[in-house]
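Undergrad: Got a structure for you, questions after.
Laboratory data are not the source of any read-out in this text; all were calculated from the coordinates shown. Keep in mind the model is a prediction, meaning the values are calculated, not measured. Backbone-built Cβ (ideal geometry, glycine too); neighbour counts: all protein chains shown.
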Amino acid sequence: MESPTPQFTPVDQPKKSNTGLIIGIVVVVLLCCCCLVIIGGLTILGPAVKSSVNQQLTAMPQVPSMPSGTSEPSSPSVPSVPSSMVPQGGLGDDIERATAWGYVITSAALSGCSATDASKTSIDVLQQPDSTGMWKEKWTVTCDDGTKKSFDVSITPNKNGSPDIKVTDSK
């Protein structure tokens, strides 16, 4: 007697899902778009920011170096900031104004305004110090092209001695 030959019935193969491939492609495309946006922004804003920062850095006075063999300054003192280097006015001391000025010129450069002359910047107090010591000022800078741009500056003293500063475009 002959043994019966086994009969195989074809089994439908489950469809392979392309979900992983599609997600991978979408992620790669999004990353490429983000890179292009960042590169474009740096290409457009980079020279203006670099120019403004370089002008401010070259205008800064040189800090005297420590004599060899000494590890600490002879007298602890708070450094003074030349009045020509930072705008005058407002409620802050020299250090607070100098710190805020750095934030303001960076914000100005990012908005297309190269502001390098502190003497052409005005500071108006918008809000007196509240119970936390925070106050608000309006800084109006004169851009190198002669236009003016205003920024709202919030200054909050903190325990470590350096102020917390927030700069936003003025409305």
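Residue by residue, here is whether (1) hydroxyl-bearing (S, T, Y); (2) touching a helix residue (DSSP H, G or I) at 6+ places or on another chain (Cβ under 8 Å) holds:
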| position | (1), (2) |
| --- | --- |
| S84 | yes, yes |
| D94 | no, no |
| A109 | no, yes |
| G133 | no, no |
| K138 | no, no |
| K148 | no, no |
| G161 | no, no |
| D164 | no, no |
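Undergrad: Check every one of the strands (runs of 3 or more DSSP E) wholly within the stretch 77-171 and list those with 3 or more residues that are of a type in the set (G, A, S). Steps first, please.
TA: Numbers: elements: 122-127, 135-142, 148-156, 164-169.
Filter on the stretch 77-171 gives an empty set.
Undergrad: Okay, next question. Counting only residues that are touching an Asp or Glu at 6+ places or on another chain (Cβ under 7 Å) and without any contact (Cβ under 8 Å) to a residue 24 or more places away in the chain, how many does the stretch 147-167 have?
TA: Within the stretch 147-167, residues that are touching an Asp or Glu at 6+ places or on another chain (Cβ under 7 Å) and without any contact (Cβ under 8 Å) to a residue 24 or more places away in the chain number 1.
Undergrad: With the condition kept exactly as written, say whether any residue in the stretch 94-106 is over 15 Å from the mean Cα position of the chain (by Cα) and of a type in the set (V, I, T).
TA: yes
Undergrad: Looking at the stretch 121-171 only, could you name the residues that are within 20 Å of the chain's Cα centre (by Cα) and acidic (D, E)?
TA: Listed by number, the residues that qualify are E137, D152, D164, D169.
Undergrad: Would you be able to say whether some residue in the stretch 101-114 is among the β-branched types (V, I, T), in contact with a Phe, Trp or Tyr (Cβ under 9 Å, 6 or more places away or on another chain) and surrounded by fewer than 16 Cβ atoms within 10 Å (Cβ to Cβ)? Spell out how you get there, then give the answer.
TA: From the stretch 101-114, those among the β-branched types (V, I, T) are 104-106; that's our starting set.
Still in the running and in contact with a Phe, Trp or Tyr (Cβ under 9 Å, 6 or more places away or on another chain): 104.
Narrowing further to those that are surrounded by fewer than 16 Cβ atoms within 10 Å (Cβ to Cβ): none.
The answer is no; no qualifying residue exists.
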